[in-house]
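Remarks on the structure that follows.
The values are calculated or read from the model by the stated rules, or taken from the named source; none is laboratory data. Here the structure is a predicted model, which is why all the values come from computation and not from measurement. With ideal geometry, Cβ positions are generated from the backbone for all residues, glycine too; neighbour counts draw on all protein chains shown.
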Amino acid sequence: MRIHTAEFLQSAGRADQFPVGGRPEVAFAGRSNVGKSSLINRLLGRRALARISSTPGRTRTINFYAVNDAFLFVDLPGYGYAKVSRAVQEGWWAVVEAYLTDRIPLRGVVHLTDARHPPTEQDRELQEFLAAVRVPCIHVLTKGDKVPPGLRTAALRAAREALGPVSPAAIVFSAETGEGAAELWRAIEAVLAAPPRRLAAAWRGRGRPESD
């Protein structure tokens, strides 16, 4: 994918603030500090388009980025940060659930987990939720440069065992070295080319990735 333009479009704290226009969207989801912003910046060839914070749980809105004036990247708030209050967690999930459940331009979700650790129960719950609302998922193991080559097979096996049948084959990615970027772009291009999703039956309120 050749990136000609990439720019921040807007943030949304409520469903009525989501952008209009119908351009296809790919969202990025994962636990706090899993490396979503670094991955987005690497894919788009920008150093600081998506803001990177050293404080987990800082992102509280859904952030939209326009790419090549053709499609949107969507950075979802991270989940699983225990020091954030339950009220804040519930508020985050309400807007994310509305987006994942009802957003017609959404073509797929890139689900990030840390290659150094097995996915958590929250990660498994998110993948089950995506399957229930019929959103295609691309699973990415981030921080691949921190896992020695000899341990890659074990990391991939641990991810598969933790997530079970809801998990697609994972792509090992490194924002530092660019490993996996070409493979991930191919997967993203495939979901962008897919027809608009068919919304699933009402799911709202039936489940969410719980906090630690």
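So, L106, is that one at negative phi, touching a helix residue (DSSP H, G or I) at 6+ places or on another chain (Cβ under 9 Å) and modelled with pLDDT of 95 or more or not?
Numbers: at negative phi: yes; touching a helix residue (DSSP H, G or I) at 6+ places or on another chain (Cβ under 9 Å): yes; modelled with pLDDT of 95 or more: yes.
Spelling it out, L106 is indeed at negative phi, touching a helix residue (DSSP H, G or I) at 6+ places or on another chain (Cβ under 9 Å) and modelled with pLDDT of 95 or more.
Restricting attention to segment 175-191, the residues that are in a loop (DSSP other than H, G, I, E, B) and either among the charged types (D, E, K, R) or within 15 Å of the chain's Cα centre (by Cα) (or both) add up to 3. Among the residues of segment 90-130, not one is more than 26 Å from P19 (Cβ to Cβ), hydrophobic (A, V, I, L, M, F, W, C) and surrounded by fewer than 23 Cβ atoms within 10 Å (Cβ to Cβ).
Return the total of residues in segment 1-32 being in a loop (DSSP other than H, G, I, E, B) and over 12 Å from the mean Cα position of the chain (by Cα). Even if it seems obvious, please write down each step before you answer.
Initial filter on segment 1-32 (in a loop (DSSP other than H, G, I, E, B)): 1-5, 13-14, 18-24, 32.
Within this subset, residues satisfying the condition of being over 12 Å from the mean Cα position of the chain (by Cα) are 1-5, 13-14, 18-24.
Count: 14.
What number of residues within segment 33-52 are charged (D, E, K, R), at pLDDT 90 or above and either more than 13 Å from the chain's Cα centre (by Cα) or in a loop (DSSP other than H, G, I, E, B) (or both)?
Residues of segment 33-52 that are charged (D, E, K, R), as a first pass: 36, 42, 46-47, 51.
Checking the rest, the ones that are also at pLDDT 90 or above come to 36, 42.
Checking the rest, the ones that are also either more than 13 Å from the chain's Cα centre (by Cα) or in a loop (DSSP other than H, G, I, E, B) (or both) come to 42.
Counting residues in segment 33-52 that are charged (D, E, K, R), at pLDDT 90 or above and either more than 13 Å from the chain's Cα centre (by Cα) or in a loop (DSSP other than H, G, I, E, B) (or both) gives 1.
Could you tell me whether any residue of segment 128-136 is over 26 Å from A66 (Cβ atoms), modelled with pLDDT under 95 and among the charged types (D, E, K, R)? Looking through segment 128-136, at least one residue is over 26 Å from A66 (Cβ atoms), modelled with pLDDT under 95 and among the charged types (D, E, K, R). Can you work out which of the residues in segment 66-101 that are touching a Lys or Arg at 6+ places or on another chain (Cβ under 8 Å) and farther than 28 Å from L44 by Cα is modelled with the lowest pLDDT? Only one residue tops the list, namely V88.
Answer yes if at least one residue in segment 142-161 is part of a strand (DSSP E or B) and modelled with pLDDT of 95 or more, and no otherwise.
First pass over segment 142-161, keeping only residues part of a strand (DSSP E or B): 142.
Okay, now just the ones that are also modelled with pLDDT of 95 or more, so 142.
Looking through segment 142-161, at least one residue is part of a strand (DSSP E or B) and modelled with pLDDT of 95 or more.
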